Structures are given as structure tokens and as C-alpha cells.
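First the structure, in the form of C-alpha cells, and then the observations on it.
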Amino acid sequence: MRIIDIINKKVENQKLSKEEIDFFINGYVGGEITDYQASALLMAIRLNGLSDEETAYLTNAMMYSGEVLDWSFLGKTIVDKHSTGGVGDKVSIALCPILAALGLTVAKMSGRGLGHTGGTLDKLESIEGYNFLLNDQEFKDIVKEHNIAIVGQNTKLVPADKKIYALRDVTGTVQSIPLIASSIMSKKLATGSNCILLDVKCGNGAFMKDIEQAKKLGKLMIEIGKQLGRKIAVEITNMEQPLGKTIGNKIEVLEAMETLKGNGPKDFTEIIYSSGSTLLMLANRAKDEEEARKMIKEVIGSGEALAKFKEWIKAQGGKVELLEQPNWFNPKYKYEIISQNEGYLKIKSAIDFGLVAMKLGAGRAKKEDGIDYEAGIYLNKASNEYVKKGDVLFTLYSSKPINTELEKELIEAIEFSEQKHDIKEVFAKLF
Ligand code: URA
């Protein structure tokens, strides 16, 4: 078998066999297939797609490219959630400790930022000492003791996704339903979770731009999961505007913590309640949404969710005490964007906020780029807030001098109106 023949076959829009897909994954992980050959095949897949059968083969090959975890020794349901990626999406950082504080067991593998979207792993890595490279035994021990651990893709678990994910990020091959579905589902299946919530972000700031695409991706992932006996729910959530008031890494960790104290922004808090209650019902811990929401409210109100967050970060080596210090987030440069207009703010284009955050240093343009954990954006005003002339709209942060031209990009991404507009946090739920 030769990789060039497999590339040509996909360029001609022919179906690939299980053996061909296995050959690609094994060869790429093993180093016999180069980055440029893999990029060519990924681009052909982005352009010509994969059938559901090919997507299942790809998911399977990726899942078995490394170890597959077995949690049967715990005798518990393992819950997980995963987002397809958005701007300001810090849901996992706040939601997972809430679920753990409620007695659910969360064993999760997260990814790095992709394109204009941030990644949970980058955000967690901004906490000094946080170790996401746990070996199997460490991962299992932490989950057993604390009910929660979040690790990253590594050479043992789904090494294929680690390599392919980084390559897609810089070769224009992120935007593909079968590639996203196989990337997410291979990770979910390899970590052995049996109760999974998939948060499919939808809108201008997400990879899925419209509800039809989002539903297609959601249904495909439900189908793959069901074939392997997992309980899956999908929430299609709003990514027309950034989620919450922060975009970046450290700045988002702090917002997640504020939310665990009950002081989170309205839209972000609503997603936490919605996703949390869907998972509590899926795991048979709550009989209905009302009961589930009450449980979440209690665990936030009592401080147990925040305590669980701290316990988890500490268990993975993070210097959690630093997060309480006022200078933990301490960017050298700051630039305030002042409003020249008046009216209710509408953010038209979340993607521009993601791109500006990336340009400030919060994300990667090339796969070898580092991240500036201090870089990011604070939305002094969020959508539907009333803005007066002279008010600070947004604050940009970075460790490097800030290019003031970025102001224009954000001003073009917003508009003002005399009335508030409708914002829906959750568009649809699929089971
Ligand atoms: N999240 C993933 O894990 N993979 C993708 O391809 C996109 C979002």
C-alpha cells in the first residue's frame, strides 16, 4: 500500500477502505508518512468528505492508535463533556468540578487551541505546575481519589489525534465534519467515558456556522458513540458572540473561578447550568432539569464546587494558591478601546474576537508557536449592554506591545442599536 495512492483516491472522491485508513493512521503516527503527505490527504478529506462508514473507520483507527483506558475497576459511570470549540469557551474548567462536587466521576482528555478558538489545555497550562501529562496510573489514581482529572492528548492516549490536530490547525483542515467527529469521538472513546455531553458550538465564532451543519455533526457523533455502547447527548449552543466576558488563557481561568463563586456572566452561567443538568440527567442523577439545576445551584452556593476546583488543580500539581493573588494575571501591556457611539451593543462577529485574541498572543498561528498566557481580551461591555460615548468597550492585554490597529478589527465586528436583540444560549438538544 502507498500513501500517494490513498491521497489520489480521496482526491478523486472515492471511498477509502478500513485497511487504507488504518495504513494512514499507523503510518503517520509511526513517522513513515510525512506531515506534507498527511496534510494532502486531510485537505482531500476536507474537500470531498468521508462517508459515515469511513468516519467510523477513522475514529476507530485513531482511538486504537494508543492505549484505551478501562475504568471497570472503579465500578462507576465515567462522565465527560467536550466542546467543538469556540471563543471564550471555558465551560469545562467550571463545569467539571461542579459535576465532581456532585459525586459524578469526570475523566477527561482536552485539546489545545485550534484556529481562532482557545483550548482547555492551554488555559489549564497557564496555571503554573499544572501537569496534564499524567501516565495511566496517575490519571486513574487522581480520578479515584478526587472524582476528576483532565489530561491532554499524549503519546499514549490517541497519539493520532495529537499529531493530526496540530497539523489541521495550520493547514486549513479544521473545518470538516468527519475530521471533527473522529477527533472528538476517538478521544472520548479512548478515555473510556460512558456518559458524554457534546457541546456543538454554532455560529460565526464556531467551526459549525449554521444549525444544519451543527445538527449533522451532532447526529454523526451520537451515532458513532451509540455503536460503541455509550450514552451521548448533544447541545447546540450559541457562538455568535464570545462566551462570557473574557477571551484568553489566564483571564478565562479567573472567569471560570468567579463563576464557581456564583459571580459568572449570565450567558456563561446559563451554559454551565444547561450542560450540567443535561449530564446529570444522562447519568441518572437527576430526574428532571429542575432538580438538576437546583443541585448545581446548591453546590455553587455552598462553595463545594470551588473547593473541588482547587482540590483538582492541586492534585494535578497546579499552584492553585497563586490564582487568588491579585497579580497572578499581570499583563505588561494593556490597551482600552473607547466607544465613539451610543446604544445597545451587538457583537456581530465572534470570530474576529478570537482572531484578535490570537494576534495578541493568546493562540497559535503556527503549530510550533508558543502561547502568551497573559494575552487576551476583556469585554467591559458585552452584547445587549447599553454603551455611552466614552465608555470603555474592550480591554486588550498582552506581554508584548499592542498593535493598536487591532482596535479597528473589533470595531468592525460590532454594531449599536436602539433596542436589545434576542440572544439564545442553547439552540437545540439532541439525544
Ligand atoms: N475539538 C476537537 O477535539 N477536535 C476537533 O477537530 C475540533 C474540536
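For this structure, a couple of remarks:
- Amide hydrogen proximity for A428: with H placed 1.01 Å from N in the peptide plane, the residues at 5 or more positions away or on another chain lying under 5 Å are I236.
- Alpha carbon centroid spacing (whole Å) that separates the stretch 166-186 from the stretch 221-254: 15 Å
- Only helical runs count toward this figure. For the chain, summing -39,500 (n - 2.57) over DSSP H runs of n ≥ 4 and dividing by all residues gives -13500 deg cm²/dmol at 222 nm.
- For the chain, a Gaussian network of Cα nodes joined below 10 Å ranks E223, E324, E125 by mean-square fluctuation, and the top entry is E324.
- With θ taken as phi - 60° and the Karplus curve 6.51 cos²θ - 1.76 cosθ + 1.60 applied, the whole-hertz 3J(HN,Hα) list for the stretch 38-46 is 4, 4, 4, 5, 4, 5, 4, 5, 4 Hz, x standing for glycine and proline.
- Solvent exposure of the chain, expressed per residue, is 40 Å² of accessible area, with all protein chains present and a 1.4 angstrom probe.
- Sorted largest first, extent of the chain alpha carbons per principal axis (Å): 65, 46, 38
- Listed by chain and number, the aspartates and glutamates whose C-alpha is less than 17 Å from the C-alpha of K420, apart from same-chain residues fewer than 8 away, are E240, D267, E342, E385.
- Top positive-direction residue, dipole computed over the chain with Cβ charges, set P159, S399, A365: P159
- Low-density loop cleavage sites - chymotrypsin sites (Phe, Trp or Tyr not before Pro) in the stretch 36-110, where at most 11 other Cβ are within 10 Å (DSSP): F73
- Pairs from the table (K294/K424; K90/K156; K226/K314) lying more than 24 angstrom apart at Cα are K90/K156; K226/K314.
- Debye, to nearest 20: dipole size of the stretch 333-417, +1 on Lys, Arg Cβ, -1 on Asp, Glu Cβ: 80 debye
- Above-threshold pairs, the threshold being 26 Å between Cα atoms, out of K388/K408; K219/K308; K10/K108; K219/K250: K219/K308; K10/K108; K219/K250
- Magnitude of the charge dipole, the chain, Cβ model with Lys/Arg +1 and Asp/Glu -1, debye to 20: 340 debye
- Dipole magnitude for the stretch 265-419: computed about the Cα centre from +1 point charges on Lys and Arg Cβ and -1 point charges on Asp and Glu Cβ, it is near 400 debye.
- Whichever lysines have a C-alpha closer than 16 Å to that of K9, once near sequence neighbours (fewer than 8 apart) are set aside: K18
- Computed extension gain for L322 through N135, at 0.36 nm per residue and net of the alpha carbon distance, reaches 64.8 nm.
- Straight-distance crosslink candidates among lysines, where the alpha carbon sits under 17 Å from K163 and sequence neighbours closer than 8 are dropped: K187, K188, K366, K367
- Highest mobility in the GNM of the chain, judged by mean-square fluctuation with C-alpha springs under 10 Å and restricted to K287, K231, K314, is found for K287.
The values are calculated or read from the model by the stated rules, or taken from the named source; none is laboratory data. Note that this is a predicted model, so its numbers are computed, not measured. As a convention, Cβ positions derive from the backbone with ideal geometry for all residues, glycine included, and neighbour counts pool all protein chains shown. Note: accessible area is taken over every heavy atom of the protein model, side chains too, but ligands, DNA and RNA are not part of it. Shrake-Rupley method; radii C 1.70, N 1.55, O 1.52, S 1.80 Å.
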